[in-house]
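Chemist: Before we start, here is the structure in question, set down as structure tokens.
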Amino acid sequence: MTATEATAFADGSGSGMPLLGLRGVGKVFSNGVTALDDVDLTIRQGDFLSLLGPSGCGKSTALRIIAGLSTPTSGGLDWRGGSFDRAGIGFVFQEPTLLPWASVFDNVWLPLRLRGVSKARAAPAVMDMLARVHLDGFAGAVPRELSGGMKMRVSIARAMVTKPRLLLMDEPFAALDEITRFRLNNDLLELWQDERFTAIFVTHSVFESAFLSSRIVVMAARPGRVFEELAVDAPYPRDEAFRTSPDYATLCRQASDVLSAAMHANGGGRDDGH
């Protein structure tokens with residue numbers, strides 16, 4: 001990592017070297033729905049980039065294309081250096097998707113186990129990550145014994161145990177109550193600053209995007225496309241004082257105005273889940 005990149009990670013400026021570019025990316029589903037159309041977007045190393053927009057604007061589709069879970073109909077991905085080992089990508093879905101019969105430890109161990117890492121060898125990394133998400137005492141618990149917020153913490157630990165360079169998060173906190181959501185936002189930012197990964201975070205929430213992000217990309221639907229990009233200049237770390245600050249209120253209002261304009265540009269989003 002260069003001195004410039006290290007500085008970008010440290011202050012949250014998101015001004016690192018380009019990691020990934022979406023170049024003219026389009027996606028048309030077999031039913032004829034155009035999920036994405038001519039999307040151009042650059043993700044830089046150290047970004048915490050939020051994709052903000054209504055249902056149907058292609059946020060989740062873009063994330064799945066980046067993860068290699070879907071292929072674009074047109075355009076493509078431009079990885080720095082020409083390629084990217086997708087083993088370096090972590091993915092946190094909207095639902096925790098935990099193995100219901102497995103312990104918290106075994107759920108977090110799973111991606112390492114799939115790489116051939118034994119339970120004994122994986123134990124230090126698994127226990128460290130559980131501590132990082134504040135689940136130190138729950139390694140032996142099973143998912144049915146956990147709250148919704150705790151299940152999501154397990155999902156984050158599982159995605160992070162392999163130390164990914166890029167973390168993709170698809171509305172992970174949408175189903176949680178406000179207090180739990182705020183706490184997880186705080187913990188996620190702490191983890192991001194400590195681990196220095198690049199994050200792409202899908203959300204419907206103006207408030208969440210303004211709190212978390214170094215950049216907000218507002219998307220419009222029908223067809224799904226980038227409408228406008230907002231730089232978030234507020235410094236990190238961010239805490240409860242930031243949430244009640246005039247700067248935060250201004251950011252939320254700005255993002256809300258752009259989101260409203262994006263929705264009016266096409267008569268509102270189509271609620272098709274993409």
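Chemist: Go ahead and collect, in residue order, the members of the range 152-176 whose backbone nitrogen is under 15 Å from a label point 7 Å along the Cα-Cβ direction of H204.
Modeler: 170-176
Chemist: Let me ask something else about it. For the range 135-174, what does the alpha-carbon gyration tensor say about shape, rounded, prolate or oblate, given a ≥ b ≥ c as the root eigenvalues, a/c under 1.5 as rounded, and a/b over b/c as prolate? Mind dumping the intermediate values first?
Modeler: On the way: a/c = 3.27, a/b = 1.43, b/c = 2.30.
It comes out oblate by the Cα gyration axes.
Chemist: Using a cut-off of under 13 Å, list every residue of the range 156-198 whose amide N is near the label point 7 Å from the Cα of A141 along the Cα-to-beta-carbon line.
Modeler: Of the residues in the range 156-198, none has backbone N under 13 Å from the label point off A141.
Chemist: Return one number: the angle in degrees, 0 to 90 and rounded to the nearest 10, between the long axis of the Cα atoms of helix 246-264 and the longest principal axis of the Cα atoms of the chain.
Modeler: 60
Chemist: Enter the angle in degrees (range 0 to 90, nearest 10) between the Cα long axis of helix 148-160 and the first principal axis of the Cα atoms of the chain, meaning the one along which they spread out most.
Modeler: Roughly 90 degrees between the two axes.
Chemist: Between the range 104-159 and the range 182-214, what's the alpha-carbon centroid distance in Å?
Modeler: Cα centroid of the range 104-159 versus Cα centroid of the range 182-214: 20 Å apart.
Chemist: Hey, what do the phi angles of the range 46-58 turn into as Karplus ³J(HN,Hα) couplings, whole Hz, using 6.51/-1.76/1.60 and θ = phi - 60°, x for Gly and Pro?
Modeler: So the Karplus estimates, Gly and Pro as x, are x, 4, 10, 9, 9, 9, 10, x, x, 4, x, 8, x Hz.
Chemist: Multiply the residue separation of T250 and L114 by 0.36 nm, subtract the distance between their alpha-carbon atoms, and state the gained length in nm to one decimal. Please list the in-between numbers first.
Modeler: Working: separation 136, 0.36 × 136 = 48.96 nm, distance 4.55 nm.
Using 0.36 nm per residue and subtracting the Cα-Cα distance, I get 44.4 nm.
Chemist: Report the gain in length on full extension from E190 to E228: 0.36 nm times residue separation, minus Cα-Cα distance, nm rounded to one decimal.
Modeler: 11.0 nm
Chemist: Per residue, how much accessible surface does the range 183-251 expose to a 1.4 Å probe? Answer in Å², no decimals. The partial results should precede the final answer.
Modeler: Working: 2770 Å² over 69 residues.
Per-residue accessible area for the range 183-251 comes out at 40 Å².
Chemist: Give me the aspartates and glutamates in straight-line cross-link reach of K151: C-alpha distance below 20 Å, same-chain residues under 8 apart excluded.
Modeler: Partners found: E95, D106, D128, D136, D170, E171, D177, E178, D187, E190, E208.
Chemist: On to the next question. How about the range 156-211: which trypsin sites (Lys or Arg not before Pro) there are in a DSSP loop, with at most 10 other Cβ atoms within 10 Å of their Cβ? Before the final figure, lay out the partial values.
Modeler: Details: sites: R158, R165, R181, R183, R196; in loops: R165, R196.
Counting only loop positions with at most 10 other Cβ atoms within 10 Å, none of the trypsin sites (Lys or Arg not before Pro) in the range 156-211 qualifies.
The values are calculated or read from the model by the stated rules, or taken from the named source; none is laboratory data. Every value quoted in this text rests on a predicted model; they were computed, and no experiment measured them. For neighbour counting, all protein chains shown are included, and Cβ atoms are generated from backbone atoms with ideal geometry for every residue, glycine included. What goes into the accessible areas is simple: the full protein's heavy atoms, side chains included, and nothing from ligands, DNA or RNA. Shrake-Rupley method; radii C 1.70, N 1.55, O 1.52, S 1.80 Å.
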